[in-house]
Each structure stands twice: as structure tokens, then as C-alpha cells.
């Protein structure tokens, strides 16, 4: 993102690039001040402030609107603060440090919206790189943690599919969902079933809620996922 540099017309100068604005949170004053000084010395991004893990700090961050927050997860309040930040400021990137690279801790960080993390033995360079990668939408983790994340996503998807049964839909909703899977629009469904367009919209809304999805295409994909195991068992039999 380029911003004006204040030069006069005709001046031969390159445009300035807006640097990331970063806020630091830690309850340990000595640790917080030392890390702040170290990051200022590296001069990679603009550190716009540092504070403890308090509700007042969240209000201050909301007013400053930083691009990223470096959050000390060494204390018990880290997860609660991360959750509050992501709920109040959805576009913010949270980079957690002092995170032990264990399955439970890393997955817990992901669940509260953390975009990157650094282990307790990480260096200033590791932290700087984690911030820059998070701002680019990237995450660096060990192959073991990457494998665990994939396993957790698969398990969650399987669980979501098992929680819903097609029998939860009414007969009319099943008919409409079948037509959605065929690519029919609401108007086409209304004509096919000889019901009003408004009635179809209400049924589609109920279907999406029951399937816990937001879009028609996701509903069709969910139905395909649920029916595939049944079809596989029938073919095997």
C-alpha cells in the first residue's frame, strides 16, 4: 500500500511504503520492555505501543487499530485476550510468543484466532519473521504440527457430518435440497414443486440452518458427503 510522500510535483523520489503497525502485549514489565527495545532496534515494522494484558489495553488497541499484535502467551490470560481481540477486531493478526509446540497448545491458539506463533526458545528474528508471515496470511510450523492440524480438521469435518442426519430434514426440504444439488434456482424449484417463490426461500433458509452452512453450494456438498459413505457400503455389499 503506497501513501503520499509529501514531495513536490516533478521531484524524483520513490513512494513510501506503509509499514505494518504493531502493538506488544505482555504482563511481564521487564520482558515487555526488553522485547520492545530489541524490536525497535531491528526497525522492521512500526511499534506503536506496549502494554499489559488488561481489558484497558484492549480498548487502547481498538483505538490505535494496529495491523498486528504480538501477544505473550506465557500467562493464563493470553487465550482470553486473543479471543477478545479477534472478536472485536476481525482483521487484526495476532502473533503469540512463548507457545510450547505441543498439540493442545498450538490447536488452542488456532481456535482463538492466533495467526502465528513463536516457541519459548525462539529468537527476535523468529518473532519478526512470524509477524511478517502472518501479515501475508502465512503460517510457519513444524511438519508434525502441520500434520496434527490436518488431522484435527479432518476429525472436525467427520464429526460435523455425523452430527447431522438427512432424516432431520422434512420431506419437502429433502426434495428442495435434491433440486439444489441439480443446480436449480429458487424460481425453478418453485415451478417444479408448484409452490411459491417465498416458500422456497423459507425452506432453503431452514435447510442451510440445519446443515450449518451458509451457501447453497455448501449444502449440496454436505449432502454429497453424507450420502457417499452409504453409497460406498451398498456397492461393497
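Rule-based calculations on the coordinates, nothing more; no lab input. Keep in mind it's a predicted model, so treat the numbers as computed, not measured. Heads up, the Cβs are rebuilt from the backbone with ideal geometry, glycines too, and the neighbour counts pull from every protein chain shown.
Full extension of the chain between residue 149 and residue 170 gives 4.0 nm of extra length, using 0.36 nm per residue less the Cα-Cα distance.
On the beta carbon distance between residue 121 and residue 141, with R0 = 22 Å, the FRET formula returns roughly 0.90. Taking the inverse of the mean reciprocal distance over all distinct Cα pairs, the Kirkwood hydrodynamic radius of region 14-141 comes to 14.5 Å.
By other beta-carbon atoms within 10 Å, ranking 145, 95 with the fewest at the front produces 145, 95. Of the residues 201, 187, the one with the fewest other Cβ atoms within 10 Å heads the list, and the complete ranking is 187, 201. Here the spin labels are modelled as points 7 Å beyond Cα on the Cα-Cβ line, and at residue 33 and residue 206 they lie 6.5 nm apart. Take the Cβ atoms of residue 19 and residue 105, set R0 to 25 Å, and the FRET efficiency comes out at 0.25. Projected label points at residue 77 and residue 65, each 7 Å from Cα along the beta carbon direction, are separated by 2.6 nanometres.
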